[in-house]
Amino acid sequence: MFSPAHIARFNNLETPFYYYDLNLLQQTLNACKDAAAEYNYHVHYALKANFNPKVLQAVQAVGFGADCVSGNEVLAAVEHGFENNKIVFAGVGKSDREINAALDANIYCFNVESVQELEVINELAAAKGKTARVAIRINPNVDAHTHHYITTGLEENKFGINTWQLDDVIGTLKACPNLEFTGIHFHVGSQITNLDVFKKLCTRVNELHDWFDQQQMPIKVLNVGGGLGVDYYNPDTNALADFKSYFKIFKDNLTVKAGQEVHFELGRVLVAQCASLISRVLYVKNGQKKNFLILDAGMTELIRPMLYQAYHHLQNISKQSEQSATVNYDVVGPICESTDCFRTDVALPESFRGDLIAIRTAGAYGEVMASGYNLRTRVQSIYSEQEQLQSI
């Protein structure tokens, strides 16, 4: 991914920083758009993955909608030109202020996660003389086989409505004149690489689809969420996800009736590979049992390895063209926490103070989760100049 021209440019910049490959971002968005268009599927981008302005501009330009989980994400989507009728608002704890802001923005739909939330949205919509479109987020009790911190579709998760509550949901919908039922919504987890999980999801969606039909509650939208994962281990070899196989799973296994729409909420898979966190070695500590590379980036810039034990591929990009012996290092940050460690026992070319380290696949849940802990300065984002990099 990184050419000598990249390295020369990076050496003149203050580290750490996020580097965005806008060409790769565009290729990913185009691949997803083309694969979804084959079946007339609707894609909403999950803003929580990355709301960098240039990322949002690129996503909006290909015509995707916006999947938001806070009132400020709704406002950001509106400000960046996403069409109001393509904005959906999910989240287990929407405040009155956030709901009112979304009503004022005339968004397409609220993905509702409790019976009480239905009542609150109905009351707030009535006060404005509006009708709010709602979809019911249901826990399908499908195991995503991913990290337990990012599994969201089991009955013990805080998200969504369990199937045994659906009778109450139907009763509440019928009693709320300022709500318009549009469909059902699911999301089983994130970073899913086993496509069989989505087959199981389709089976549950079909069953619940039939149940709503039996209750004479017609469905316009089947929102199957997102969750498609990326290859953190081979970011160059597998820079683009297999969108064709992903969407075909739903084409082959999901029952869709005439006039219905199928919606997806994709985040990580669209943006993860387009960004790397570029850091510099501050110090090398050689011990009897451990060698440490101490970087100028830490958990304040990328918390995923510390929060989820997530893997990120590490490269000493200052040594790309050299055939030097490798050394095993614990690669750590400067934060005053023992958990501030990107990876342990990583084989890297022998490294020295000032070497540049690229922490790959950092475009999702990287910059957006950065913090000012230890009074750290928020790092800048650097972007590829598309016209120049095409010729590098």
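The values are calculated or read from the model by the stated rules, or taken from the named source; none is laboratory data. The structure displayed is predicted, hence computed values, not measured ones. Every residue, glycine among them, receives a Cβ derived from its backbone with ideal geometry; neighbour counts consider all protein chains shown.
Brief remarks follow.
- Taken together, the residues in segment 10-36 that are more than 19 Å from Gly267 (Cβ to Cβ) and surrounded by fewer than 16 Cβ atoms within 10 Å (Cβ to Cβ) amount to 5.
- Pairs where the first residue, in segment 259-286, is over 21 Å from Ile382 (Cα atoms) and the second is aromatic (Phe, Trp, Tyr), C-beta under 7 Å, 6+ apart: Val262/Tyr41; Val262/Phe250; Phe264/Tyr41; Leu266/Tyr45; Val284/Phe352; Lys285/Phe292
- If you go through segment 114-143 and pick out every residue that is in a helix (DSSP H, G or I) and closer than 15 Å to Val221 by Cα, you end up with 0.
- Taken over segment 342-371, the criterion of being assigned to a loop (DSSP other than H, G, I, E, B), closer than 30 Å to Gly227 by Cβ and not aliphatic (A, V, I, L, M) is satisfied by Arg360, Thr361, Gly363, Tyr365, Gly366, Ser371.
- Index of the failed condition, Asn253 passing every other in (1) exposed (fewer than 15 other Cβ atoms within 10 Å of the Cβ); (2) in contact (Cβ under 8 Å) with a residue 40 or more places away in the chain; (3) not assigned by TED's automatic domain parsing to the domain that holds Ile357: (1)
- For segment 190-229, filtering for residues that are in a loop (DSSP other than H, G, I, E, B) and touching a residue at least 24 places away in the same chain (Cβ under 8 Å) leaves 14.
- Top-ranked residue in segment 181-195 [being in contact with a helix residue (DSSP H, G or I) (Cβ under 9 Å, 6 or more places away or on another chain) and within 12 Å of Tyr246 (Cα to Cα); ranked as surrounded by the most Cβ atoms within 10 Å (Cβ to Cβ)]: Ile192
- Just one of the listed residues (Asn100, Asn106) is within 17 Å of Ser70 (Cβ to Cβ), polar (S, T, N, Q), touching a residue at least 12 places away in the same chain (Cβ under 8 Å) and touching a helix residue (DSSP H, G or I) at 6+ places or on another chain (Cβ under 8 Å), and it is Asn100.
- Among the residues of segment 328-343, the one identified as of a type in the set (S, T, N, Q) and under 18 Å from Leu277 (Cβ atoms) is Thr339.
- Ala35 being at pLDDT 95 or above and either touching a Lys or Arg at 6+ places or on another chain (Cβ under 9 Å) or outside the structural domain of Leu228 (by TED's automatic domain parsing) (or both): yes
- Neighbours by Cβ (under 9 Å, 6+ apart or cross-chain): first from segment 370-392, over 28 Å from Asn23 (Cα atoms); second modelled with pLDDT of 50 or more and charged (D, E, K, R): Gly372/Arg378; Tyr373/Glu337; Asn374/Glu337; Arg376/Glu301
- Checklist (1) more than 17 Å from the chain's Cα centre (by Cα); (2) farther than 30 Å from Gly259 by Cβ applied to Asp34, failing item: (2)
- Listed by position, the helices (runs of 4 or more DSSP H) inside segment 236-341 whose residues that are of a type in the set (Val, Ile, Thr), closer than 29 Å to His44 by Cβ and at pLDDT 95 or above number at least 1 are 243-253, 268-271.
- Qualifying residue in segment 261-280 (condition: surrounded by fewer than 21 Cβ atoms within 10 Å (Cβ to Cβ) and in contact with a Ser or Thr (Cβ under 9 Å, 6 or more places away or on another chain)): yes
For (1) surrounded by fewer than 21 Cβ atoms within 10 Å (Cβ to Cβ); (2) β-branched (Val, Ile, Thr); (3) free of Cβ contacts under 8 Å to residues at least 60 places away in the same chain; (4) assigned by TED's automatic domain parsing to the domain that holds Ala126, each residue gets a yes or a no:
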| position | (1), (2), (3), (4) |
| --- | --- |
| Ala58 | no, no, yes, yes |
| Val62 | yes, yes, yes, yes |
| Val78 | yes, yes, yes, yes |
| Glu83 | yes, no, yes, yes |
| Ala90 | no, no, no, yes |
| Ser95 | yes, no, yes, yes |
